[in-house]
Each structure stands twice: as structure tokens, then as C-alpha cells.
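Notes to accompany the following structure.
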Amino acid sequence: MTDVTDGVLHTLFQSEQGGHEQVVLCQDRASGLKAVIAIHSTALGPALGGTRFYPYATEEAAVADALNLARGMSYKNAMAGLDHGGGKAVIIGDPEKIKSEELLLAYGRFVASLGGRYVTACDVGTYVADMDVVARENRWTTGRSPENGGAGDSSVLTAFGVFQGMRASAQHLWGAPTLRGRTVGVAGVGKVGHILVEHLLEDGAQVVITDVREDSVRRITDKHPEITAVADTETLIRLPELDVYAPCALGGALNDGTVPVVTAKVVCGAANNQLAHPGVEKDLADRGILYAPDYVVNAGGVIQVADELHGFDFDRCKAKAAKIYDTTLAIFARAKTDGIPPAAAADRIAEQRIAEARGAL
Ligand code: NAI
């Protein structure tokens, strides 16, 4: 038995982060497919989570990522009120080099082999067109194009959900569910960030943006000359007038370097895994910064792909995504009652819902 296997078995069966129901290692030599499908929980329903296609440095790193991401999806799906457990798949390799129709079809057959215990979707390195291919081999692929019965781009509802989380944060902190008259800094104005900016302007907020891509910035400032753009996120988070900081680029935005200097009273954005390490949620709370948990407010996308299984209906999804407002308020209330940061309160509520479904409570 190799060290890799030892590491996986330890994570699965012994570590506190473990407890996954099933991990499937997939190989198809003809197409070069090597993949890991991790099912954390099916207590609430079939495990749902995307497929990440990434050139992991080691196979152990790929398995660890799949386990971690699958667990995260259990919490996200539970808090989104979905009847889905958590799962995630990773395909090992550089998508630019090895992605092929043959490989995606082979992967689709592995998803099929789970008979519906795992439902897949897009993630980093996989796109709507890829899901159209994967879906040819099974009934459990979402994130497909509208021409193939899918819902297409999920950014619209993700941005809408983040905006609901921000309105709830404003209600909790300032007593009114609006960003009118507040200054909101959006870091990353890509697919989600630029739609969030539109919601904010419509609501009467002052918006400041930043992005490493000049074309992304210009797309917004050309349309809305009243918007200020700053050079980088470092500058944005230090602006004295900032009321809300919305990280909408990469993970790890909240870390030991940024938390001490953030001027905003609220952090609420789309980016996944904003807290760089455990303990950052407490540092935010100690500074009096209200943090709306990322996986709660950015659930619009997963709400959308889950809906595809029932025949996509935009209005039904929007109604579900609107509930992110109530969920976020409930988390802040629980945090206050239990005397814990909102991120910990969200975890507790999610764990409770999963345990109830399992009949453990
Ligand atoms: P995207 O790739 O379209 O946009 C990200 C933007 O951030 C890009 O314009 C990029 O240039 C910019 N960026 C990258 N590094 C930056 C930096 N250091 N400083 C400032 N800007 C930077 O991605 P998308 O779809 O808008 O997603 C944004 C975040 O939201 C990601 O973390 C993603 O995982 C998360 N998310 C997205 C969902 C969706 O439906 N698209 C669903 C749930 C989460």
C-alpha cells in the first residue's frame, strides 16, 4: 500500500474532516482519464457538485481537493434548502492539453455507473459545452446548454443571490434592507461581479470596482461613468468610505494580511472559500465586521443547476435564490444567540439539517 492510499484512508476514516460516504477512483487508459468522484453525504438526496478539471501536482492533492470540496457542497446544498447532499469530482490533468470528447464521455460513463447517487455540473476548468458531452452518457449531468435541456450560465442567479445576502446584511446592521447611499467595493467584475454591480446601482449604492483585467473594468465604466475604478484590491479594501466589501474574484480574500486593514463593516461576495484559514471568521468578528458566509450567499448557481433536473424554470429558481435573504438573516440571528461568528452559525444550521435528515437528531 502506498503513502497516497494511506493519506486518503486516514482523511476518510479518521480525520475530523472525513466521514465521506464513498470515494470512486476512475481510470480510462484509452482517453487518459484519471478522476476522483467524492460523495460526502446523500442524507438530503443525491450528492450534487461540479467537476473540477485541474493539473494537480500529485494524485494525493487531487483526492484531498475532491474530499474537501465534496464536504463543502453538503453544507452549501443544505443551506440552500436543496434536497441534495454534497459531492464533487476532479479530473486530473491540464484541460488545455488533455481534454477531449473521448475523455469526457469516459467520465460520463463513470457518473452513470453511480446510478444517480452523484449529480455533476461545471466547475473550474469545465464549461457548459463539456457538460453537454458528459450528459450524453448519463441522466445526472447539469450545467448543460439550453439547446440540450440545460439552464446555461449560472452567473445571473449567483449575482442575484449575493445581492440578497448583502441586503440582509444591511438590514441586520443598519436596519433597512437596502444599499442606498452606501459605498460598495466589488473586487472582480467578471461574470458574477458585473451583474452584481448592476443590482447595486439600481438599488442606489455608490460602487467602486477593481479587476486585474482592464477590459472587465472598461466594460463597466464605459456604461456607468459614475463608477470609480481603483488600481487593485489592496487599494479598494483600505478606502475610508467603504461600507461593504464584495470579494468576487478568487478564494482566500480574507486572510491575516487583509482582515486587519479592511475598512468595510460588511463583507459579502461571490468568491468561493473567502476565509483563508480557520480562525479568520473570528478575526472578522473581533473587528466588528459582519461576514455573510460565502457558501450561503453564492448558492444561486447551485440552485440553478439543481433545478435542471426538474426541467429548468427561471422564475422558480429566482424565487428560491430570493430566500438567501431570509437564510442570511437567520444565520446572523443564530450567531448572536450562540455567541459565535456567522460562518460557524451557518455550519451549525447546515449540520443540523443534515443530521435531521439522517435521523440522527
Ligand atoms: P470570472 O472568472 O468570470 O470573474 C472573476 C474576475 O475576477 C475576472 O474578471 C478576473 O479578471 C478577476 N480577478 C482575478 N484575480 C483578481 C484579483 N487579484 N483582483 C481583482 N480581480 C481579479 O468568475 P465568476 O464566474 O464571476 O466567479 C467569481 C467568483 O465567484 C469565483 O470565486 C467563483 O468560484 C465564485 N462563484 C461563481 C459562481 C457562478 O455561478 N459563476 C457560483 C458560485 C461561486
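Yes/no matrix, rows are residues, columns are (1) within 16 Å of the ligand (Cβ to nearest atom); (2) in contact with a Pro (Cβ under 8 Å, 6 or more places away or on another chain); (3) not hydrophobic (A, V, I, L, M, F, W, C):
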{"residue": "Gly251", "(1), (2), (3)": "yes, no, yes"}
{"residue": "Gly257", "(1), (2), (3)": "yes, no, yes"}
{"residue": "Lys265", "(1), (2), (3)": "no, no, yes"}
{"residue": "Leu290", "(1), (2), (3)": "no, yes, no"}
{"residue": "Gly300", "(1), (2), (3)": "yes, no, yes"}
{"residue": "Leu309", "(1), (2), (3)": "no, no, no"}
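Quick one: would you say Gly185 is touching a Phe, Trp or Tyr at 6+ places or on another chain (Cβ under 7 Å) and within 22 Å of Leu250 (Cα to Cα)?
Details: touching a Phe, Trp or Tyr at 6+ places or on another chain (Cβ under 7 Å): yes; within 22 Å of Leu250 (Cα to Cα): yes.
The answer is yes for Gly185.
Scanning the stretch 206-233 for residues that are among the hydrophobic types (A, V, I, L, M, F, W, C), surrounded by 23 or more Cβ atoms within 10 Å (Cβ to Cβ) and part of a loop (DSSP other than H, G, I, E, B) returns no hits. Inside the stretch 128-144, can you point out the residues that are surrounded by 20 or more Cβ atoms within 10 Å (Cβ to Cβ) and farther than 17 Å from Lys88 by Cβ? Hits for the stretch 128-144 are Val133, Ala135, Arg144.
Scan the stretch 267-288 for residues that are touching a residue at least 40 places away in the same chain (Cβ under 8 Å) and more than 16 Å from the ligand (Cβ to nearest atom) and jot them down. Hits for the stretch 267-288 are Glu281, Lys282, Leu284, Ala285. In the stretch 134-159, of all residues being away from the ligand (no atom under 13 Å from the Cβ) and assigned to a loop (DSSP other than H, G, I, E, B), the one that is farthest from Val266 (Cα to Cα) corresponds to Asn138. Can you confirm whether the stretch 235-242 contains a residue that is within 29 Å of Gly143 (Cα to Cα), more than 9 Å from the ligand (Cβ to nearest atom) and of a type outside the set (S, T, N, Q)? No, the stretch 235-242 contains no residue that is within 29 Å of Gly143 (Cα to Cα), more than 9 Å from the ligand (Cβ to nearest atom) and of a type outside the set (S, T, N, Q). Of all the criteria given as (1) more than 12 Å from the ligand (Cβ to nearest atom); (2) in contact with a Ser or Thr (Cβ under 6 Å, 6 or more places away or on another chain), the one not satisfied by Val230 is (1).
Checking each residue in the stretch 30-77 for being of a type in the set (Val, Ile, Thr) and either closer than 17 Å to Val124 by Cα or in a loop (DSSP other than H, G, I, E, B) (or both) picks out Val36, Ile37, Thr42, Thr51, Thr58, Val63. If the condition is being in a loop (DSSP other than H, G, I, E, B) and out of contact with any Asp or Glu (no Cβ under 7 Å at 6 or more places or on another chain), then the stretch 331-361 contributes Gly339, Ile340, Gly359, Ala360, Leu361. A single member of Gly161, Gly125, Gly175 is of a type outside the set (Val, Ile, Thr), surrounded by 24 or more Cβ atoms within 10 Å (Cβ to Cβ) and closer than 27 Å to Gln274 by Cα, and it is Gly161.
Would you say Val162 is in contact with a strand residue (DSSP E or B) (Cβ under 9 Å, 6 or more places away or on another chain), within 16 Å of the ligand (Cβ to nearest atom), at pLDDT 95 or above and in the same structural domain as Glu241 (by TED's automatic domain parsing)? Yes; evaluated as a whole, the condition is true for this residue. Applying the criterion of being more than 21 Å from Trp140 (Cβ to Cβ) and crowded, with 16+ Cβ neighbours inside 10 Å to the residues of the stretch 301-321, the residue that is nearest to the chain's Cα centre (by Cα) is Ala321.
Within the stretch 70-91, the set of residues being surrounded by 24 or more Cβ atoms within 10 Å (Cβ to Cβ) and under 23 Å from Leu9 (Cα atoms) comprises Ala70, Met73, Ser74, Gly85, Gly86, Gly87, Lys88, Ala89, Val90, Ile91.
Filtering the stretch 165-219 to residues that are touching a residue at least 60 places away in the same chain (Cβ under 8 Å) and away from the ligand (no atom under 16 Å from the Cβ) leaves Arg167, Ala168, Ser169, Ala170, Gln171, His172, Leu173, Pro177, Leu179, Arg182, Thr183.
The values are calculated or read from the model by the stated rules, or taken from the named source; none is laboratory data. Keep in mind that this is a model prediction, so the values were computed, not measured. All Cβ positions, glycine included, derive from the backbone under ideal geometry; neighbour counts span all protein chains shown.
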